[in-house]
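Asker: Quick one: this structure, given as structure tokens, is what I'll be asking you about.
The values are calculated or read from the model by the stated rules, or taken from the named source; none is laboratory data. Because the structure is predicted, anything quoted here is derived from the model rather than measured. Here the Cβ positions follow ideal geometry from the backbone for every residue, glycine too, while neighbour counts run over all protein chains shown. To get the accessible areas, we keep the full protein, side chains included, count just its heavy atoms, and leave off ligands, DNA and RNA. Shrake-Rupley method; radii C 1.70, N 1.55, O 1.52, S 1.80 Å.
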Amino acid sequence: MSVGVSETDSFPGEFGDGELDQLCINTIRTLSMDAVEQATCGHPGLPMAMAPVAHLLYTRVLKHNPADPAWPDRDRFVLSAGHGSMLLYSILHLTGYDLALSELERFRQWDSLTPGHPERLLKPHAEGYVATPGVETTTGPLGQGFANGVGMAMAERFLRERYGSEVMDHRVFSICSDGDLMEGVSAEAASLAGHLGLGRIVYLYDDNHITIDGGTALSFTGEDVEARFRAYGWHTLSVEDVNDLEEVQAAVEAGIAEEERPTLIRVRSIIGYPAPNKQGTSKAHGAALGADEVRATKEVLGWDPDARFLVPDAVREAYSHTVERGARLQEEWETRFASWRTQHEDLAAEWDRAWSGEPEPGFEEALPKFDPEEKGKLATRAAGGKVLEAVAPYLPTIVGGSADLAGSTLAILPGDDAFGPGATGRTVHWGIREHAMGSAVNGLCLHGGIVRPFGGTFLVFSDYMRPAIRLSALMGLPVVWVFTHDSVGLGEDGPTHQPVEHYAALRAIPGLTVIRPGDANETAQAWHTALEPGRGPVALLLTRQGLPVLAPELVGDGPLKGAYVLADTPGDPDAIIVATGSEVAVAMAAQLELSEKGVGARVVSMPSWELFEEQSQEYRDSILTPGVAKVSVEAGVSMGWSQWVDASVAVNRFGASAPGDEVMRKLGITPEHVAATVLDLLGHDAP
């Protein structure tokens, strides 16, 4: 019998009725096939194979409310295998999320809510800027969602310990793929999750033996995935037939029952099932099945082969109960939450601020000011550590740390307990896992309730974190990336550790605010910007070497505007020297040298291009006066500076192993070279 509207108007049964369950699962499959076919591109194989898992999770397992996707104590579901996005869109639509069938029909089209890979961001839409409801994170780059989920589980545990299980008590579920497990970031994240004992993680691994290029025998043999994860400290289970709902449910329930270790369930599936000619092959992975194969598959399913985007009435009716169930679960939580609020008024006020991203009152007043007379020289990494120490009491749910470099980056919360096995302090020792740190920091933020999570390492190692940094910008996440040892001035470690192209590389990421402060007081202002409510990701680039401390009254709030006049001339300037970071001191010395030659040079400290671009044209022109010769000085590649200046003193090569001062001098980051460049630009050696 072909399934059509008339045949299913009065389809009987409830979930647990095998026939109804199968009808629902096949609806997920056909919706996914139809959407990919209409778009003429996509990945139908995973949604078809893993439809039973999605159906089971969203109807029998997940604590979620389609009417309120942002409910704080919901279970989180991450489709780490983001190429299978139609699986997620189909189940979200069917279970009552505000994702219309018309959006499934617009899969992969401009401004649709069903992009090729799941996206967690506001985007233009006919109804204004909206987000796809029920999508917890942007996935697609394999392994990122896997590691995001680890960060979400860390957040859940931290908040549960701080506020109590009556208001924070949920789990993180994920579907991941062979590709996720091959990418190195998942290995780092799995190792971290096992070390921390994150027992609220239940991941289902789609073991379908297929990659885009062909069978996994091409590249993924000789590895016992379950044994590997057991070695990481995970609890592992296996399901030999994804279509056996009771077997899958039993494994998931066993994973939920394991509170001391994260769980990985290997689920054997057949990609593209039950397509008669393409199931089990790479042809079902990364391309539409084709009209003939779609018809043939629908016939195998007993579906009307001419029906497109069909949702039988019985399926609509069955899935409507997930809305009722979700509303009941949330109502029960809200009752507990209301009772908790009356008993914990101070904590409740803190909770409200944490979930809105607000620091505690007094935060701005706590920001330190550094006195040049007291400090003399201070590395901006050291200043950053002092700022964190000062503001930490006003950020009770800040969580972060460094990738085994706390003593070098000083990106720690002094005196705070560690976040570790059996402990839930605020300082995370990420270990030498920059990949996982970046993605888990994003996960901490995505969960909610963690105000400005941060991760720290040397700037040169931001290369390891670039996918996570990029995704933080794509999602507009309020996270802080603390990168120290920010130039060739770090010295003897040599070119492998000396960043030169990294300023330009980070500035090239849309939506990322990059700040390279020139002294301790600018560093305090940089942290002020990084902790602004509503601000997206911020990268702080901080020095290893000591820098002269500028008078607070000279700095003022100039860094908040991205650039400001640090030292001006009595009259109109002959030239403007624009500097960032450690080179601000070089620019100040060059100004004195030029003054002795009769050239009036304005010194502009420009810690952030992005903040400067946010200012009015009038303000920008008042700082970088049009028509006046301009020279930049920065110990990195000159790429991009031409939009601001006429010439650059830069480092367009790799560094060298030697004392930092010598490296800077040999590479031309000196007042003399800056002055000579200004004079050359003005067309004379001296007036």
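Asker: For the stretch 192-334, what's the relative contact order in percent, using C-alpha pairs closer than 8 Å and at least 6 residues apart? Don't skip to the answer; put the middle values down first.
Answerer: On the way: 179 pairs, mean separation 36.6, N = 143.
Computed over the stretch 192-334, the figure is 26 percent.
Asker: What number, rounded to the nearest 500 deg cm²/dmol, is the helix-based mean residue ellipticity at 222 nm of the chain, given -39500 (n - 2.57) per DSSP H run of at least four residues and division by all its residues?
Answerer: After summing the helix terms and dividing by the residues of the chain, the value is -12500 deg cm²/dmol.
Asker: Next up: Number of Lys pairs in the chain with C-alpha atoms less than 20 angstrom apart, excluding same-chain neighbours closer than eight positions?
Answerer: The number of close lysine pairs in the chain is 9.
Asker: What figure in square angstrom, to the nearest 10, would you give for the accessible area of M588 with a 1.4 Å probe?
Answerer: Rounded to the nearest 10, the figure is 50 Å².
Asker: Distance from the Cα centre of the stretch 163-178 to that of the stretch 500-517, in angstrom?
Answerer: Answer, in whole Å: 33.
Asker: Evaluated at 10 °C with a viscosity of 1.306 mPa s, what Stokes-Einstein diffusion coefficient in µm²/s does the stretch 277-354 have when Rh comes from the Kirkwood expression over alpha-carbon pairs? Show your work: numbers first, answer last.
Answerer: Working: Rh = 17.4 Å.
Answer from the Stokes-Einstein relation: 91 µm²/s.
Asker: In sequence order, what are the phi-derived ³J(HN,Hα) couplings for the stretch 521-538 according to the Karplus relation 6.51 cos²θ - 1.76 cosθ + 1.60 with θ = phi - 60°, rounded to whole Hz, with x for glycine and proline?
Answerer: With coefficients 6.51, -1.76 and 1.60, one gets 5, 5, 5, 4, 5, 5, 5, 4, 5, 4, 9, 5, x, x, 7, x, x, 10 Hz.
Asker: Over every pair of different alpha-carbon atoms in the stretch 234-375, take the mean of 1/r and invert it; report that Kirkwood radius in Å.
Answerer: For the stretch 234-375, inverting the mean 1/r across all distinct Cα pairs yields 21.7 Å.
Asker: Taking all protein chains together and a probe of 1.4 Å, list T211, T380 from the most accessible to the least accessible.
Answerer: Values: T211 30, T380 0 Å².
Descending order: T211, T380.
Asker: Taking amide H positions as placed 1.01 Å from N in the peptide plane, with prolines and chain starts having none, which residues 5 or more places from A539, or on another chain, fall under 5 Å of its amide H?
Answerer: Amide H neighbours of A539, under 5 Å, 5+ apart: W481, T513, V514, I515.
Asker: Under a 1.4 angstrom probe, counting protein chains only, how are Y273, Y163, Y464 ranked by accessible area, largest first?
Answerer: So, going from the largest accessible area down, we get Y464, Y273, Y163.
Asker: On a C-alpha basis, how far is the centre of the stretch 364-421 from the centre of the stretch 246-297 in Å? Whole number, if you could?
Answerer: So the separation of the two Cα centres works out to 47 Å.
Asker: Relative contact order for the chain: what is it in percent, counting Cα pairs under 8 Å that are at least 6 residues apart?
Answerer: Reported as a whole number, the value is 12 percent.
Asker: Once you keep just the Cα pairs under 8 angstrom separated by 6 or more residues, what percentage relative contact order results for the stretch 114-225?
Answerer: 23 percent
Asker: Short version: ³J(HN,Hα) in whole Hz for each residue of the stretch 87-98, in order, from phi by Karplus 6.51 cos²θ - 1.76 cosθ + 1.60 (θ = phi - 60°), x for Gly and Pro, what are they?
Answerer: With coefficients 6.51, -1.76 and 1.60, one gets 4, 5, 4, 5, 6, 5, 4, 5, 8, x, 5, 6 Hz.
Asker: Run the quick spin-label model on R653 and N277: label points 7 Å from Cα toward the beta carbon, then report their separation in nm to one decimal.
Answerer: My value for the distance between the label points is 6.2 nm.
Asker: If you take the alpha carbon radius of gyration of the stretch 235-316 and divide it by 2.2 N^0.38 Å, what ratio comes out, to two decimals?
Answerer: 1.43
Asker: Nearest 10 degrees, 0 to 90: what angle lies between the long axis of helix 291-300 and the longest principal axis of the chain (Cα atoms)?
Answerer: On a 0 to 90 degree scale, this one is about 50.
Asker: Could you run the Karplus curve 6.51 cos²θ - 1.76 cosθ + 1.60 with θ = phi - 60° over the stretch 657-666 and give me ³J(HN,Hα) per residue in whole Hz, x for Gly and Pro?
Answerer: Result, ordered by residue: 8, 5, x, x, 4, 5, 4, 4, 5, 5 Hz.
Asker: A further question follows. What does the accessible area of I509 come to, in Å² to the nearest 10, when a probe of 1.4 Å is used?
Answerer: Approximately 10 Å² of I509 is accessible to the 1.4 Å probe.
Asker: Hey, another quick one. Could you work out how far the C-alpha centroid of the stretch 612-669 sits from that of the stretch 33-96, in angstrom?
Answerer: 48 Å
Asker: When only the heavy atoms of the protein chains count and the probe is 1.4 Å, how do K298, K278, K369 rank by accessible area, highest first?
Answerer: Output order, biggest surface exposure first: K369, K278, K298.
Asker: Now a separate question. If a paramagnetic tag sat 7 Å from the Cα of D169 along the Cα-Cβ line, which residues of the stretch 409-447 would have the backbone N under 12 Å from that point?
Answerer: none
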